[in-house]
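Have a look at the structure below, then the notes.
The values are calculated or read from the model by the stated rules, or taken from the named source; none is laboratory data. Note that the structure is a prediction, hence the values are computed from the model and not measured. With ideal geometry, Cβ positions are generated from the backbone for all residues, glycine too; neighbour counts draw on all protein chains shown. Please note that ligands, DNA and RNA were not included when accessible areas were found on the heavy atoms of the full protein model with its side chains. Shrake-Rupley method; radii C 1.70, N 1.55, O 1.52, S 1.80 Å.
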Amino acid sequence: MVDLAARRHADFIMRAVGEGLPGQAGFVARSWQRCVSDHKLNPAGAFALAGLSREKLEECKARNGHLLASARSEALSLYRQLPDRDTLVVIADAGGTVLETLGDGIFVRQAARIGMCPGSDWSERACGTNGIGTALAERRPLVVNRGEHFFPSLTGLSCCAAPIFDERDALVGVLDVTSESDLGAEHFRMLIGMSANTIENRLFEARHEHLQLVRLHSRRELLHTFHEGLIALDGDGRVAAANRSAMLHLGCAARAGLIGRDVRDVLETGLDALLGRAAESAGYPLPLTAAGGRSLFVHLKPPRRGTAVRRAEARMPGPEAAPRNWGDAGIERDFARAAMVYEKGIYVLLQGETGCGKEVFARALHEAGTRASGPFVAVNCAALPDTLIESELFGYRGGAFTGASREGRRGRILAADKGTLLLDEIGDMPLPLQARLLRVLEGREVTPLGGETAVKVDVRVVCATHRDLQQMVAEGSFRRDLYFRLAGFAVTLPPLRLRGGRAELIRAMLRELTPDATLEPAALACLAAWHWPGNLRQLRNVLETAGALAAESAIGLADLPPELRAQDGRGAPPEMREAPPAPGEAAAAGEDGALSCLERAAREAMQQLLERHRWNITRVANELGVSRNTVYRKVERYRLSRD
């Protein structure tokens, strides 16, 4: 049967090419034609993958060092966003040679059996129509789905790939996702395209780290995302390089019209003035009116220390202290992706502990999008009694039930029309209402209680929960069809104790709450070191109280709660106290934080387990058979963090 299916597939391709590819349009048709006419491939034959030797592979990886350094963390972040474990994320060079793969161990080994492994050539010339080779040939993101592959042995796979370009629009590589599941959905193409754009920006920064880097965008919240424009300035203030987004924001049709120009001609301010304003702003984005009257926000990153620059060190702003909107690189990347899919109407699911900022994240999505002028309506499904949640969500006709007002009520869903609806704690919604909510989401219309006429509604939906919805689906307490509808794009927000950039986040929150307040260094260190079992909500309360106690002076240690000042852990809540290490587990750490061989092995195992579960602490704890607090203690003991 397999041989017959393979012959039919090969016959179909040859017949389609010979007859002018009827019914096959676009890049698939062009690729099949290239495979037959240019590369002289036969779909009835077996393709032979030529693998590089270990020595040649290391040389190839060294030549692509900047690409790998810029792509590794983004590939890992992308892998964590994919719903199917039987999926492989691939980084390949501009010739189609696989440099690195990332995935579940079992699927990685399965993929290696067909040659999808480091050192193999996946160009069209070698493997026919496939995600990596065809994306390189077409120079654009695309999906090669099952029977669109040239060779029959690949028709069980779905591949989604996006090429990676440098600032001169030269191909430098490709990012690919290969899976046994269907990757044809639009949000997969968007997700992988966004990841490729992020890699391009990182590659730009790495190649021009010796120059003054200028980030720019017309919207402040989109700085430090894949949307941002990037230009590099030499020591004389002339543009040495620019990415495509910068050209768009600056109104330059051709890169040649931008390279070599003085920054004064581009941003209508000289380099000296720009550096001076950046130093005074303490790293905050600068509002500028650029050439042509364009309103932009600009942020400067100075050259890496130790590199040759022609400007005096005294005229440089200090090391980059600009507040990335979330204070955590992983959250910034997640927000950039979530904002993109939200704009396309794809549902976003936010997961994380209570108080970790899910509503803040959802509101930021709303305010960053094209619906910012519309309503933002938040419904806490856990706070409403079962008897009221239906009428609150769907509304009711006047007199529909005892106690109903004569005028009736529109309901929260209709109140969010032309805006955003946040369904907070969606895991607490009763099962009967889950079915009705699914009908509303599918039909995009609401029928109020007691009414007969459905009302059309145009609403973007974001859901949030601290529960493990997948586990609830398995237990039968949450509808599987509703889960897959809501989880179009899932984001797991880490608790505050696992977030990077806590000190900057604390300063930013204090500026928001009490603009004139400051923190003494000891107080800031104490706040940054605390476990924060109540997450951002607890931090906000502590800062508000400390600001009131400090009055007009800087906030010091004496203004903080006693449990925070007991940094040895004795004053911490019992569940957050550091448990003594088990026998044989004590760290053999010196001042440099070196770990014993046993601890290094345990640390690596915990890191792999966290990555496999995409940092879902509940699932890690379930697999280990321990409490969530035990997992948190391990994370803190080994100083693990998300990339």
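Points worth noting:
- The Arg537 and Arg54 beta-carbon pair, evaluated with R₀ = 41 Å, returns a calculated FRET efficiency of approximately 0.20.
- Here region 87-136 exposes an accessible surface that is 56 percent carbon and sulfur, computed with a 1.4 Å probe and the other protein chains kept in place.
- For region 426-493 versus region 118-194, the spacing of their alpha-carbon centroids is 33 Å.
- Region 429-563 - percent relative contact order, Cα under 8 Å, separation 6 or more: 18 percent
- Label-to-label distance, Ala256 versus Gln110, with points set 7 angstrom from Cα along the beta-carbon direction: 5.1 nm.
- Gyration tensor (alpha-carbon) shape descriptor, region 220-279, a/c threshold 1.5: oblate
- Label-zone membership for region 103-117, site Leu171, 7 angstrom Cα→C-beta point, backbone N under 20 Å: 116-117
- Stretching the chain fully between Glu520 and Glu343 yields a gain of 59.6 nm (0.36 nm per residue, less the alpha carbon separation).
- Computed label-point distance, nm, for sites Glu623 and Gln607 using a 7 Å Cα→Cβ extension: 1.6 nm
- Subset of Lys358/Lys456; Lys61/Lys358; Lys40/Lys61 violating a 31 Å alpha-carbon distance limit: Lys61/Lys358
- Hypothetical label at Ser181: residues of region 117-152 whose amide nitrogen lies under 16 Å (7 Å Cα-Cβ projection): 146
- Where a label projected 7 Å from the Cα of Glu563 along Cα→Cβ would reach, residues of region 482-516 with amide N under 20 Å: 495-499, 506
- Classified by the C-alpha gyration tensor, region 420-486 has a prolate form. Its axis ratio a/c, with a ≥ b ≥ c, is 1.5 or above, and a/b is larger than b/c.
- Computed FRET value (nearest 0.05) for Ala454 with Glu209, which takes r as the C-beta separation and R₀ as 60 Å: 0.55
- When only alpha carbons are used to place a centre, region 329-387 and region 46-68 end up 42 Å from one another.
- Solvent-accessible surface ranking, highest first, for Asp236, Asp516 at 1.4 angstrom: Asp516, Asp236
- Extension gain (nm, one decimal) between Gln471 and Arg363, 0.36 nm per residue minus Cα-Cα: 36.2 nm
- Three-way shape label, region 22-169, alpha-carbon gyration tensor, a/c 1.5: rounded
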